[in-house]
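K.L.:
Below are the structure tokens for one structure; questions will follow.
The values are calculated or read from the model by the stated rules, or taken from the named source; none is laboratory data. Values in this document were obtained by computation on a predicted structure and should not be read as measured data. Cβ atoms come from the backbone with ideal geometry, glycine included; neighbour counts cover every protein chain shown. All accessible areas refer to the heavy atoms of the entire protein, side chains included, with ligands and DNA or RNA removed. Shrake-Rupley method; radii C 1.70, N 1.55, O 1.52, S 1.80 Å.
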Amino acid sequence: YSASPVEEIAEVSRVTFRNKVEIRFKPAGSSPGFWYPYAATTYSNTFTVEPGADVTIYVERNSVYPGLYDGPNVNLAVGAGGSLVIHTYDTLHRDAITDDFSSVTIQENGTLEVMQSANTNTTATMRISGSLNVSPGARFVVRNASGSTYGALHMTSSGASINVANPALFDVMNNGGYAINTTASTSLSVDADVVNLWNANAPDPDTGDIS
């Protein structure tokens, strides 16, 4: 899909991908890639990549998800061995206040990569109000190349959690500001052989302080 429409790719409450899919989207107006117009109390809003599916999305302007009218919105899930790679011009969330993922789950050997190339600095690359769950062998990558004071990953609610269990890769990079930002108390559970945290403000520094 390579046209320049005024509207979104889809206005839905559920999106499911199977097999191999590539989407290229460059909206002519202010629309995001996907629009979830219904409150989470009315519909279960989901964005799902099924096991073994291979999905790549390019959004060359604006955001990927605008979220709902209010409250936490979309449950994002990548099935076992599935892959979701998103190249986005701006943050994943159109509204910097109300748009969150309710949960993000990558099952065993799955991949979720989000590459943000530009930044209006209104919110983090990815916002999660509930839980981030990275299963054994999975890859989770979120990178903001231009930098954001809001972080690359922002856990937005009290009681949010990050659960990482022997991943193949867990890589969060923000070229200017927090890598992971929290609004309130967030629990962190990491089961891994090596954990490296660099505080150098540069992409992939060769050396840095480990804490």
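K.L.:
Between V195 and T122, how high is the FRET efficiency from 1/(1 + (r/R0)^6) when r is the Cβ-Cβ distance and R₀ = 35 Å? Nearest 0.05.
P.N.:
0.70
K.L.:
In addition: Could you state the accessible area per residue of region 74-123 in Å², with a 1.4 Å probe and every protein chain left in place?
P.N.:
That works out to 33 Å² per residue.
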